[in-house]
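Derivation of every value follows stated rules applied to the coordinates shown; laboratory data play no part. Only a predicted model underlies this, so the values are computations on that prediction, with no experimental measurement involved. Glycine also receives a Cβ, built like all others from the backbone with ideal geometry; neighbour counts cover every protein chain displayed.
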Amino acid sequence: MFEKVLVPTDFSEYAQKTLECIGEIPGIKELMLLHVVDATHPSKRGWTHGPHIENAKILKEEKKEYIESLGLKVKVKVDVITEGEVSRTILENADKEKVSLIVMGARGKSPIKDLLLGSVSTNVVRHAKTHLLIMRYKLVEELEGIKHEKFCPMIFSKVLLPTDFSEPAGKTISFMKEIKDIQEMVLLNVVSKGETMEEIEENVNEAKSKLGDIKGELGRAGLIVKDHVRVGNLPEEIISTAEDEDVSLIAMSPHGKGWFRELLVGSTTCAVVRRANRPVMVVRAK
């Protein structure tokens, strides 16, 4: 399913936790580990990135040994850029290597605790042309302070699939249905339009009928399926349902109804990726 995976890393704790989850990716055989040294803004002392590059080379060899211990083929690369953006370099490598999935942590080395999605991850979400998995971790307060807990165990075991019944959403459901690791699916439609209570109720009943058809199809494929219709703001209801159902993953199309084909990612998907406390996969089904 995802034979060749690209993992960009800044060697932060968050990135390390992402790497620890890599064995959970269905079908993975080959991994490319990429570190981008951003030399676009020299310090007042001039270009001082030499030690950074050497340290990165040492760290990447350590990570390579760990990945090989999982039985995976590994390619490691350190790119130094003096112009452009880190996110663009990541995307160029993804295209060049023809990877089937990019896996990133939501945050890097930012000291801002409340930053839900780093700028590099945000740009990759917006412009990636392949499937993208944004990993997240629960924060647990302990005597020693805050540490990350892996969200790794069986990432694909219980998946929330929001749908607006558009063609892209339908393709996302069809794509996810083929992943053997999925044990349970949670279908969700959010009714966000309606001028009167009667109109809202009519939209809810129509959504229930459509979800029932999809649920029946997935059930015949041997999947355990739940379905929900909620009324309210799309991103808020998606995130709330993910928490209520305690899903392991949210899987979404980049866009749905009403979006121009050339628009890479819609506002609802961007909002969920930015704010969700669960891993989110942006599925670019063909």
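Listed values, structure above:
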item: Distance between modelled label sites at residue 97 and residue 240, nm, 7 Å Cα→Cβ extension; result: 4.0
item: Förster radius 25 Å - calculated FRET efficiency between residue 154 and residue 12 (Cβ-Cβ, nearest 0.05); result: 0.55
item: Packing rank of 25-38, 206-219, 189-202, where each peptide gets the mean count of other beta carbons within 10 Å, highest leading; result: 25-38, 206-219, 189-202
item: Segment residue 3-residue 73, extension gain: residue separation times 0.36 nm, minus the distance between their alpha carbons; result: 24.2 nm
item: Förster radius 25 Å - calculated FRET efficiency between residue 167 and residue 123 (Cβ-Cβ, nearest 0.05); result: 0.40
item: Difference of contour (0.36 nm per residue) and Cα-Cα distance, residue 174 to residue 196; result: 4.5 nm
